[in-house]
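Here the structure comes first, spelled out in structure tokens, and everything after it is commentary.
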Ligand SMILES: Nc1nc2c(c(=O)[nH]1)N[C@H]1C(S)=C(S)[C@@H](COP(=O)(O)OP(=O)(O)OC[C@H]3O[C@@H](n4cnc5c(=O)[nH]c(N)nc54)[C@H](O)[C@@H]3O)O[C@H]1N2
Ligand SMILES: Nc1nc2c(c(=O)[nH]1)N[C@H]1C(S)=C(S)[C@@H](COP(=O)(O)OP(=O)(O)OC[C@H]3O[C@@H](n4cnc5c(=O)[nH]c(N)nc54)[C@H](O)[C@@H]3O)O[C@H]1N2
Ligand SMILES: [Mo]
């Protein structure tokens, strides 16, 4: 068995160091780290100019996470965080992966570089083409590249043999035109990163509160009585959320964290934009920390509901009866389910003492304005939808939905992942969307559903699809079951990636491959002698503009909008009913079409210019649940799975030095880890039981649906994690995730609960 398959990143470093995880986050070390990153990869004047425009009203949206900007006051010095600066430095680097770079290294040699080295090779400057059987990518003209794609698409027997993936950085304008091209071409095969991310949230929230997005805005966080943060690590992934939580604390709120790991960012926070706070040592954020077992959340919620229901029945006024009567249906069925709860089994499953659960129960009983936030710790679970529906049950029982200071808060990942969905990047858009799109442009938009991410991988692997186009992202490394995904891509006749930086998906390719370099968000987008801007939607449904300020790294880059429109023209020809090039010359025309097709964008061109942004309609926020004002309780069954002694639950997560598959550095400062990524965090007692010593080399195997999947030569490190739970970094551990292990209803790969066994490896 090969232990160094080229589609898996080689190890970056073997000098792994582990110290005690810190209990404080941000503060001075974060400022120092930001400066270091900027200085290392960018010219200082360029870095300074860009950082002053990030997340400002006349600037560009941070290419990092989707956390919203404050409405009124913004820091004049900088409205960003350490990891936003890393995202900026990554995109606005001076280094170039130009045609000379691709001539120097063959695809084989590039695939022997680590993800870190690949990303650090710089920005792609020219379109590159890999001919059938060739060893090196070579520069190609844009026209030739477009023609090659158009020809390939025309050769397909059926439009459904093409797959069009989207990552979540693409602007609204680019996403809308991309979706339009794909529908005009004739398919709904639009898998996206959301399929692997918040799909479970979208599904659960649509069914219960009537809209697949969160119900809260930023000011709600400031004024909530109680904020419960489940399965999320904001210190690393949404650092600006910490300043909202700080405001909540200052206003007298209480914060509870539910997470198998004691994440430093949730414990204690020092706001870098408040010098006084830095001097006084910052603020304790979390009042109660529940170190739940992996996927113990549904059991915990069930235990909480049972205990609260008992108090309600004993005569306390726990539930909001008036709200339940006026705004919900299904209470009796839910009540019967709660009464039948096996409390002991739930306590055992979640791994939290009954007394600790009582502390949270007491808080929920007494508080009226409750917000529950969550991210990947809940969504990437087999019962992710059920857990989120149980969260909605709890909020509905408390009347904590659709009023100030209360509601649902799924915290989104990519900076425009929510906007892309609003624009129609979904394989299952409703018929009403297709009707409007068809009417706006004068064609018949296909209504049959397309493939999501998991289905796309299977379709390519089975030969049902042979053309793959990636609008951003890194499909190979982000997807589950790396070996299968690699085979799937390699089976294609053509793979195409619109990218800013080289990544592993360029190296595991179809018979022919193209890399189309695009402008990043930080860069000036000039079309027809006019500076264009685009728009994005944040995690709380607010749409605002984004305008790049830096000169593009190369003259030969196109914007994503231009690439899509050029492909439209190459495929359909100049006389097509859609005047593709007109849209790429003037993005206002795209916004006019968005206004025609997507609800909530009335007077889009005016509103986007006049304001710092506008909120899209959110019926749940106004208690217009499911159109009728009635939200649905759901009955969610808990399935307890017992495993043999040798088996562990493994979660895959992000370090502090990465953006998904882009590796910024080899440290994970908030977890006390430096100089390495191929590691497994394990409880010390489990290590002793298995006879493992600190940093012992191991192989890890998973066995879902009867197939053995493995990762090799990882180092075990002792960590404060519940017994029988393990953690490893994404994407290194992705080969363990089975394509068939997916969340019920949302089809999201289960990346947070992989059943594995550990095998001692021999030191080399
Ligand atoms: N700097 C930076 N920012 C990012 C990203 C990045 O990679 N880097 N990625 C962006 C994207 S696309 C996304 S989706 C978000 C991701 O944001 P997060 O969801 O915060 O990211 P993960 O690292 O996957 O962390 C999941 C958290 O869930 C916890 N967890 C795991 N399993 C369970 C469980 O069973 N129950 C509970 N209660 N907790 C669990 C883990 O301990 C961890 O703290 O961040 C976005 N922002
Ligand atoms: N095991 C495991 N797997 C996971 C996860 C997990 O927690 N565990 N998380 C899942 C989640 S939440 C997500 S969102 C996905 C992420 O999946 P993706 O979105 O596919 O992956 P990214 O790593 O964000 O994509 C990075 C690449 O995007 C390109 N890029 C960067 N900026 C731009 C731009 O402005 N335009 C264009 N066109 N390209 C750009 C660069 O070339 C870069 O290499 O991964 C999922 N996979
Ligand atoms: Mo994500």
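Nothing in this text is a laboratory measurement; each read-out follows from the coordinates by a stated rule. Keep in mind the model is a prediction, meaning the values are calculated, not measured. Counting neighbours? That spans all protein chains shown, and the Cβs are built from the backbone with ideal geometry, glycine included.
What separates the Cα centres of the stretch 577-632 and the stretch 690-764 is a distance of 43 Å.
Highest mean first, the peptides 334-343, 460-469 sorted by other C-beta atoms within 10 Å per residue fall in the order 460-469, 334-343.
Taking every C-alpha pair closer than 8 Å and separated by at least 6 residues, the mean separation divided by the residue count of the stretch 661-734 gives a relative contact order of 39 percent.
Normalised by 2.2 N^0.38 Å, where N is the number of residues, the alpha-carbon radius of gyration of the stretch 199-410 equals 0.99. The helix-only estimate of mean residue ellipticity at 222 nm for the chain, built from DSSP H runs of length n ≥ 4 each weighted as -39500 (n - 2.57), is -10000 deg cm²/dmol after division by the residue total.
Computed on the Cα trace of the stretch 349-446, the radius of gyration divided by the Kirkwood hydrodynamic radius gives Rg/Rh = 1.14.
Counting every other Cβ atom within 10 Å of each residue's Cβ, 495, 254, 530 order from fewest to most as 530, 254, 495. Averaged over residues, the count of other Cβ atoms within 10 Å places the peptides 573-581, 753-761 in the sequence 753-761, 573-581, highest first. The antiparallel fraction among DSSP beta bridges confined to the stretch 463-532 stands at about 20%. Using only alpha-carbon positions in the stretch 646-760, the gyration tensor eigenvalues give semi-axes of 21, 19, 12 Å once each is multiplied by 5 and square-rooted (largest first).
Normalising the average separation of contacting C-alpha pairs (under 8 angstrom, six or more residues apart) by the number of residues puts the relative contact order of the chain at 21 percent. Ranked by how many other Cβ atoms sit within 10 Å of their own Cβ, fewest first, the residues 587, 178, 531 fall in the order 531, 587, 178. Taking the average, over residues, of other Cβ atoms within 10 Å as the packing measure, peptides 109-119, 374-384 rank 374-384, 109-119 from highest down. Binning the alpha carbon pair distances of the stretch 389-459 at 10 angstrom intervals from zero yields the distribution 16, 27, 32, 21, 4, expressed in whole percent. When the Cα gyration tensor is reduced to axis lengths a ≥ b ≥ c, the ratio a/c stays below 1.5 for the chain, which is therefore classed as rounded. Kirkwood radius, the stretch 404-539, all distinct C-alpha pairs, inverse of mean reciprocal distance: 17.5 Å. Listed by Cβ neighbour count within 10 Å, with the fewest neighbours leading, 36, 20 appear as 20, 36. Taken over the Cα atoms of the stretch 298-389, the convex hull encloses 120 Å³ per residue.
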